[in-house]
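See below for the structure under consideration.
The values are calculated or read from the model by the stated rules, or taken from the named source; none is laboratory data. As the structure is a computational prediction, the values presented were derived from the model and not from experiment. Cβ coordinates were reconstructed from backbone atoms using ideal geometry, including for glycine residues, and neighbour counts include every protein chain displayed. With ligands, DNA and RNA removed, areas are computed over all heavy atoms of the protein, side chains included. Shrake-Rupley method; radii C 1.70, N 1.55, O 1.52, S 1.80 Å.
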Amino acid sequence: MVWGVERAGWYPEGPPSPVISHNLQALASCYQPLPLFPGPQGPLEQSSWVGVRVECGALCHGRPCPFTGVSAPSFLHCFSLASAAFNLQVATPGGKAMDFVDMDESSARWVQDFRLRSYASPAKLESIDGARYHALLIPSCPGALADLASSGSLARILQHFRSESKPICAVGHGVAALCCATSEDGAWAFQNYSMTGPSVYELIRAPGFARLPLIVEDFAKDAGASFSASEPGAVHVVLDRHLVTGQNANSTVVAVQNLLFLCSSRK
């Protein structure tokens with residue numbers, strides 16, 4: 001799923017999202033909902049957030065992809081922190097509803113209440129104009145591995161944010177969404193950046209590892225980025241210029257706090 005802000009934006013994971021790897025064949029629209037945050041109140045005027053969620057209806061190596069949806073805890077923290085400064089609007093590939101995973105009793109109640117809100121209805125990611133937003137936030141969303149990682153619409157938005165050095169934040173599996181931002185000659189928009197994301201040691205412990213369409217750590221290193229990671233499950237965040245990345249869902253709060261700091265420094 002991905003979230004965006006007219007001044008800052010964010011993308012979390014979810015159902016069909018725009019991430020599709022070379023070994024992934026889409027059976028249905030896999031998307032990640034994108035919460036949009038139009039104009040923040042207070043110090044960050046004229047700012048809004050956009051979020052994208054992915055719901056996977058795809059095949060990984062010929063079998064159903066085991067990584068789907070948006071992490072409920074990560075989304076909850078992203079939304080709670082961002083909504084304190086911004087008005088929120090949700091956008092997803094095709095405008096589809098978000099699909100939450102990893103819910104516990106607390107987050108399940110929060111999600112139930114969230115679905116009743118008017119801003120829970122997503123706009124279409126394909127119609128999002130990156131020039132209207134000043135920041136981008138992508139919560140941890142396993143579904144991003146299935147379609148956001150290869151989304152042309154998200155790639156267009158990321159290329160704009162990269163060229164304008166606008167704040168970008170991606171957390172956990174949401175970091176995979178950054179992989180779609182490659183040019184026609186194969187150059188990655190984030191080569192020479194320092195970043196983090198799910199480590200191989202974290203991924204190998206998850207069911208379905210052998211069918212992963214993409215391993216962010218390998219992709220980042222091969223594409224020319226500097227990748228680092230801490231212990232599995234540890235809070236680890238990397239800030240390089242206008243890019244903030246968090247290793248896993250546990251890193252959500254610290255990552256988003258850094259994003260908000262970047263946004264406030266650009267007012």
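Tell me which residues come under 5 Å, amide H to amide H, from Phe86 once H is placed; ignore anything under 5 positions away on its chain.
Gln41
Rg and Dmax of region 107-180, Cα atoms, in Å?
Considering region 107-180 through its Cα atoms, Rg and Dmax are 13.5, 40 Å.
Counting only residues 5 or more places away or on other chains, whose amide H sits under 5 Å from the amide H of Ala225 once H atoms are built in the peptide plane?
Asn192
Check Ile138: other-chain or 5+ apart residues with amide H under 5 Å from its amide H, H built from backbone geometry?
Trp3, Tyr11, Cys169, Ala170, Val171
Using each residue's phi in region 245-255, evaluate 6.51 cos²θ - 1.76 cosθ + 1.60 at θ = phi - 60° and report the 3J(HN,Hα) Karplus result to the nearest Hz, with x for Gly and Pro.
Per residue, the Karplus-derived 3J(HN,Hα) values read 10, x, 5, 7, 4, 5, 8, 4, 4, 5, 5 Hz.
Apply the a/c threshold of 1.5 to the C-alpha gyration tensor of region 192-253 and tell me whether it is rounded, prolate or oblate. Could the numbers behind the result be given before it?
Working: a/c = 2.37, a/b = 1.27, b/c = 1.87.
Note, shape of region 192-253 comes out oblate.
Quick one: with all protein chains in place, what share of the accessible area of region 87-199 is carbon or sulfur, to the nearest percent (1.4 Å probe)? The partial results should precede the final answer.
Working: 1880 of 4370 Å².
That fraction is 43 percent.
Could you give the accessible area per residue of region 62-204, probe 1.4 Å, as a whole number in Å²?
Computed with neighbouring chains in place, this is 39 Å² per residue.
With a ≥ b ≥ c the root eigenvalues of the C-alpha gyration tensor of region 150-267, is it rounded (a/c under 1.5), prolate (a/b larger than b/c) or oblate?
On the way: a/c = 1.92, a/b = 1.15, b/c = 1.66.
Note, shape of region 150-267 comes out oblate.
Quick one: 3J(HN,Hα) in Hz for region 167-180, Karplus 6.51/-1.76/1.60 with θ = phi - 60°, rounded, Gly and Pro as x.
Karplus-based 3J(HN,Hα) across region 167-180 equals x, 10, 9, 10, 10, x, 4, x, 4, 4, 4, 5, 5, 6 Hz.
Can you work out the Karplus-derived ³J(HN,Hα) for every residue in region 220-233? Use 6.51 cos²θ - 1.76 cosθ + 1.60 with θ = phi - 60°, whole Hz, and x for glycine or proline.
4, 5, 5, 8, x, 8, 9, 10, 9, 8, 9, 5, x, x
If you rank His242, His173 by how much accessible surface each has, with a 1.4 Å probe, what is the order from largest down?
Final ranking, largest accessible area leading: His173, His242.
Could you give the size of the charge dipole of region 130-234 about its Cα centre, using +1 on the Cβ of each K and R and -1 on the Cβ of each D and E, expressed in debye and rounded to the nearest 20?
280 debye
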